[in-house]
Amino acid sequence: MTIDLQQLKTEGLLAIKAAKDKLELANLEIKLLGRKNGELTNILKSLKDLAAEVKKEIGPLANEVKIILESAVAARHRELSASAWENAAAGERLDITEPALPHLDPGHLHPITQVGRDLEDFFAKLGFMVLDGPELESDYYNFSALNFAADHPARDIMDTFYIKGHDPAAPAGAGWLMRTHTSPMQVRALQKYGAPLAAIVPGKCFRNESTDARHEHTLYQIEGFMYDTDITFAHLKGILEAVAKHLYGPEVKMRFSPKFYPFVEPGVRGEVTCFLCKGRGCRVCKNSGWLEIFGAGMTHPNVLKAGGVDPAKYQGFAFGLGLSRLVMLKYGIEDVRLLESGNIKFLEQF
Ligand code: DAH
């Protein structure tokens, strides 16, 4: 009997150690220790026929063998679990020496953003603040505060999208609209910061257009203004000439011609020599040799008053650069609608 138990222990331990997987181990456990027909159970069952002294000797030994085999099964079970996890992890292993996968195209900034940011840096170096303004604007800031008379036809060339309701912060009757230009920020900035003040305002504007290659419902402008006690037209010219040279190189020439804008007096249209034909005349400049890139002028006293600033003490200039137009001219884009199209084939070129 003792010999049977010793043998069961040695052979059982060897078999348990050799079990290749959990299924084999489970079967082995049943074979050795199973309650119904396990080998150890059978030995224990046969004890009842033995003499009491033998039972006393064999009983504890059988128990010891049982505990040894049970813990060997548990240990082997743990080993198999660990190696199963390792095998799974091996498939997942990260090889940091492996060459990187090629990047999927990460995208890039829209050409409007690229040119806009370049100009923001340019003006920031000249000491201008860079401000943001609301796209949903009130009729008051978009027109009335900028000296547009209620029935002036200048409003008609800037038809826009009117939104229901009225701006509680503006004088009574001023309804909401999508701003047609960035100029309303002249008054908002004056009200907030007072004079002296120098700032630019890049942003999105809206017009109710029947769209075609030259007209779009959404366009981008950069407004700029400078107010102080001794600002003259020469400052306006100096700053805008610097902008033109920055954009088109030192050779570029600039010219002004009179143009009406209700918020400036005098008002001008600003043109630069066509960078493509150098002023000789081509398709881009429609054979004129000149390209219109901004409107500008000396700020009307009514605008300063609306901003809460005394026009007897302060004066200044304002300009509006057509950012969409600058981008079209820079890259020779012939259809303005491409800028808002989200067309990947178009955008990938910049
Ligand atoms: N806001 C004008 C427009 O959208 C452009 C403009 C003209 C802005 C003259 C100005 C200015 O500041 O002085 O057509």
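The values are calculated or read from the model by the stated rules, or taken from the named source; none is laboratory data. Here the structure is a predicted model, which means the values were calculated and not measured. Cβ coordinates were reconstructed from backbone atoms using ideal geometry, including for glycine residues, and neighbour counts include every protein chain displayed. Protein only, heavy atoms only, side chains kept; ligands, DNA and RNA dropped before computing areas. Shrake-Rupley method; radii C 1.70, N 1.55, O 1.52, S 1.80 Å.
Quick check: anything in region 127-150 over 25 Å from residue 227 (Cβ atoms) and either at pLDDT below 90 or outside the structural domain of residue 223 (by TED's automatic domain parsing) (or both)?
Step one: of region 127-150, the residues over 25 Å from residue 227 (Cβ atoms) are 136, 150.
Those still in the list that are either at pLDDT below 90 or outside the structural domain of residue 223 (by TED's automatic domain parsing) (or both) too: 150.
Yes, because at least one residue in region 127-150 is over 25 Å from residue 227 (Cβ atoms) and either at pLDDT below 90 or outside the structural domain of residue 223 (by TED's automatic domain parsing) (or both).
Condition check ((1) within 20 Å of residue 11 (Cβ to Cβ); (2) hydrophobic (A, V, I, L, M, F, W, C); (3) in contact with a helix residue (DSSP H, G or I) (Cβ under 6 Å, 6 or more places away or on another chain); (4) without any contact (Cβ under 8 Å) to a residue 60 or more places away in the chain) across all residues:
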| residue | (1), (2), (3), (4) |
| --- | --- |
| 33 | yes, yes, yes, yes |
| 39 | yes, no, yes, yes |
| 46 | yes, no, no, yes |
| 50 | no, yes, no, yes |
| 56 | no, no, no, yes |
| 60 | no, no, no, yes |
| 63 | yes, no, no, yes |
| 66 | yes, no, yes, yes |
| 72 | yes, yes, yes, no |
Yes/no for residue 238 being at pLDDT 95 or above, outside any loop (DSSP other than H, G, I, E, B) and either within 11 Å of the ligand (Cβ to nearest atom) or outside the structural domain of residue 202 (by TED's automatic domain parsing) (or both): no
Residue 322 fails exactly one of (1) surrounded by fewer than 21 Cβ atoms within 10 Å (Cβ to Cβ); (2) farther than 24 Å from residue 242 by Cβ; (3) small (Gly, Ala, Ser); (4) within 16 Å of the ligand (Cβ to nearest atom), namely (2)
Matching residues, region 259-288, being at positive phi and open to solvent by 40 Å² or more (accessible area, probe 1.4 Å): 278, 286, 287
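Does region 113-135 contain at least one residue that is assigned to a helix (DSSP H, G or I), under 34 Å from the mean Cα position of the chain (by Cα) and over 30 Å from residue 203 (Cα atoms)? Spell out the reasoning first.
Initial filter on region 113-135 (assigned to a helix (DSSP H, G or I)): 113-125.
Next, only the ones that are under 34 Å from the mean Cα position of the chain (by Cα) stay: 113-125.
Add one more test, that the residue is over 30 Å from residue 203 (Cα atoms), and what stays is none.
So far as region 113-135 goes, no, none of its residues is assigned to a helix (DSSP H, G or I), under 34 Å from the mean Cα position of the chain (by Cα) and over 30 Å from residue 203 (Cα atoms).
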The residue that is most open to solvent (accessible area, probe 1.4 Å), considering only those in region 145-166 that are under 22 Å from residue 204 (Cα atoms) and among the small types (Gly, Ala, Ser), is 165
